[in-house]
Amino acid sequence: DAGVIQSPRHEVTEMGQEVTLRCKPISGHDYLFWYRQTMMRGLELLIYFNNNVPIDDSGMPEDRFSAKMPNASFSTLKIQPSEPRDSAVYFCASKQNTGELFFGEGSRLTVL
Amino acid sequence: GESVGLHLPTLSVQEGDNSIINCAYSNSASDYFIWYKQESGKGPQFIIDIRSNMDKRQGQRVTVLLNKTVKHLSLQIAATQPGDSAVYFCAESPVKYIFGTGTRLKVLA
């Protein structure tokens, strides 16, 4: 298996633009998580899905952030409009019902 | 609330010595704990895990200790090598995984 696949790996955009990050979880995994990583706050859980259904989105910073999982093999995290403080590395991770999380390589977002 | 915190932001260890990285957790309901290693520019990678019905688990050169009484978790790395240099995170979970800010391990030659 190729592991969790995220795209784009790097994105630079201007404030106010829409940003869409994509994730393909490992096949057969029931859970998908979106995290944001910054130097100041470390790894913050934004939202997680179980069987494509959002279970806990309490970590989503504000209404500018939204996440979807239309099917078991794809998820998106959207920021609209983006702001400089959204600059971070965004990780997607997936897991089976039990056991450890498998992380993707991350999407580094820079908002100018 | 749920939180995971690390005592030491940076740990410097001589090559060949043992490393100990500590972690405190706050959620008494957590029943599963994991240590991850993150190298620069990469996603976190699984090192070792432990369930709450155990107090010690050993892997290859790594040992995780769990003290539920004081809600403390530690990662011991034996004979630390340059390749162990990274940021280490602990995470706790009843269901979702909460991570701390991480400890940077620097291995000195």
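From the set of residues in segment A:66-102 that are farther than 13 Å from A:K24 by Cβ and among the aromatic types (F, W, Y), which is nearest to the other protein chains (Cβ to nearest Cβ)?
Filtering segment A:66-102 for residues that are farther than 13 Å from A:K24 by Cβ and among the aromatic types (F, W, Y), the one nearest to the other protein chains (Cβ to nearest Cβ) comes out as A:F91.
Quick check on my filter: what residues within segment A:40-58 are facing another protein chain (nearest Cβ under 9 Å) and under 17 Å from B:G100 (Cβ atoms)?
Of everything in segment A:40-58, those that are facing another protein chain (nearest Cβ under 9 Å) and under 17 Å from B:G100 (Cβ atoms) turn out to be A:M40, A:R41, A:G42, A:L43, A:E44, A:L45.
Does segment A:17-36 contain at least one residue that is on the phi > 0 side of the Ramachandran plot and surrounded by fewer than 16 Cβ atoms within 10 Å (Cβ to Cβ)?
Yes, segment A:17-36 has at least one match.
Is it fair to say B:Y36 is among the aromatic types (F, W, Y), under 13 Å from B:Y88 (Cβ atoms) and either within 13 Å of another protein chain (Cβ to nearest Cβ) or surrounded by fewer than 18 Cβ atoms within 10 Å (Cβ to Cβ) (or both)?
Here the answer is yes, as B:Y36 does meet what is asked.
Please verify whether segment A:52-68 includes one or more residues that are closer than 26 Å to B:K37 by Cβ, surrounded by 16 or more Cβ atoms within 10 Å (Cβ to Cβ) and among the small types (G, A, S).
So far as segment A:52-68 goes, yes, one or more of its residues are closer than 26 Å to B:K37 by Cβ, surrounded by 16 or more Cβ atoms within 10 Å (Cβ to Cβ) and among the small types (G, A, S).
Please list, ordered by residue number, the strands (runs of 3 or more DSSP E) wholly in segment B:52-109 having 3 or more residues that are under 15 Å from the mean Cα position of the chain (by Cα), at pLDDT below 95 and within 14 Å of chain A (Cβ to nearest Cβ).
Passing ranges, in order: B:86-93.
Let's see how each residue does on (1) exposed (fewer than 13 other Cβ atoms within 10 Å of the Cβ); (2) not hydroxyl-bearing (S, T, Y):
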{"site": "B:I47", "(1), (2)": "no, yes"}
{"site": "B:I50", "(1), (2)": "no, yes"}
{"site": "B:N53", "(1), (2)": "yes, yes"}
{"site": "B:T63", "(1), (2)": "no, no"}
{"site": "B:L66", "(1), (2)": "no, yes"}
{"site": "B:K71", "(1), (2)": "no, yes"}
{"site": "B:Q76", "(1), (2)": "no, yes"}
{"site": "B:P82", "(1), (2)": "yes, yes"}
{"site": "B:S85", "(1), (2)": "no, no"}
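The values are calculated or read from the model by the stated rules, or taken from the named source; none is laboratory data. Treat the numbers as computed from the prediction; the structure is a model and nothing was measured. Quick reminder, even Gly has a Cβ in these numbers, built from the backbone with ideal geometry, and neighbours come from all protein chains shown.
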